[in-house]
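Engineer: Let me begin by handing over the structure; questions about it come next.
The values are calculated or read from the model by the stated rules, or taken from the named source; none is laboratory data. This structure is a prediction, so every number in the text was calculated from the model and none was measured. We place every Cβ from the backbone using ideal geometry, glycine too, and count neighbours over all the protein chains shown. SASA here: full protein model, heavy atoms, side chains in, ligands and nucleic acids out. Shrake-Rupley method; radii C 1.70, N 1.55, O 1.52, S 1.80 Å.
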Amino acid sequence: FTEFSIKAHEEASPETSHTAKYAVRTSREEQHEERIWRVDMVYSFGKSEGEKKAPYEGTIKLHGIFIIHPDFPEEKCDSLARLNGGAVLMGAVREAVLGHTLRSVNGPLELPLVDARSFLPKDQQDKPLIPTSEKERDAE
């Protein structure tokens, strides 16, 4: 984690839902022989709905380092880093937020699961990274 900030609103309305925004960025660590990728994530949550405040608001920034197997196709490495790296980092965010809010004034906040495909660019979200049938494998 490079930034971790959560604020509890004591005057919050319990029925106000949290809104969330997140972004994932990847970069390849070129100075290494192995295929090492850095995945950065920013996750922000909690928004007021008119006069109602969400129970919590916060921003979390973190990154992870991932090694991609040499047999995996080079042209799909960025997508794999985004998909799997984003899923791993999102799990860390969810665990940290739950742990931090467990004994807070508004009670525990359990962030929802996120479809890992949302970490991919929009035009890639419906395409499988790995062929799932013999026909798809033969087409490559």
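Engineer: Please compute the net charge surrounding Ile36, taking Lys and Arg as +1 and Asp and Glu as -1 over other residues with Cβ under 10 Å from its Cβ.
Structural biologist: In short, -1.
Engineer: Tell me, how many Å apart are the Cα centres for the stretch 87-134 and for the stretch 1-28?
Structural biologist: Taking the Cα centre of the stretch 1-28 as reference, the centre of the stretch 87-134 is 13 Å away.
Engineer: Sticking with this structure for a sec: May I ask which of Lys21/Lys52; Lys52/Lys122; Lys47/Lys122; Lys53/Lys122 have a Cα-Cα span longer than 29 Å here?
Structural biologist: Violating the 29 Å limit, Cα to Cα: Lys52/Lys122; Lys53/Lys122.
Engineer: Now a separate question. I need to check one value: relative contact order of the chain, counting alpha carbon pairs closer than 8 Å and at least 6 residues apart, in percent.
Structural biologist: Normalised by residue count, the contact order of the chain is 23 percent.
Engineer: What percentage of the solvent-accessible surface of the chain, computed with a 1.4 Å probe over protein heavy atoms, is contributed by carbon and sulfur atoms?
Structural biologist: 49
Engineer: Bin all alpha-carbon pair distances of the chain at 10 Å intervals from 0 and give each bin's fraction as a whole percent.
Structural biologist: Pair shares across the bins are 11, 34, 28, 17, 9, 2.
Engineer: Here is a follow-up. With unit charges on the beta carbon (Lys/Arg positive, Asp/Glu negative), name the residue among Leu113, Gly91, His18 whose Cα is farthest towards the positive pole of the charge dipole of the chain.
Structural biologist: It is His18.
Engineer: Please work out the average accessible area per residue across the chain, using the 1.4 Å probe convention, and give it in Å².
Structural biologist: 65
Engineer: Test of understanding: what is the full-extension gain from Glu10 to Val88, defined as 0.36 nm times their sequence separation minus their Cα-Cα distance?
Structural biologist: Once the chain is fully extended between Glu10 and Val88, it gains 25.0 nm.
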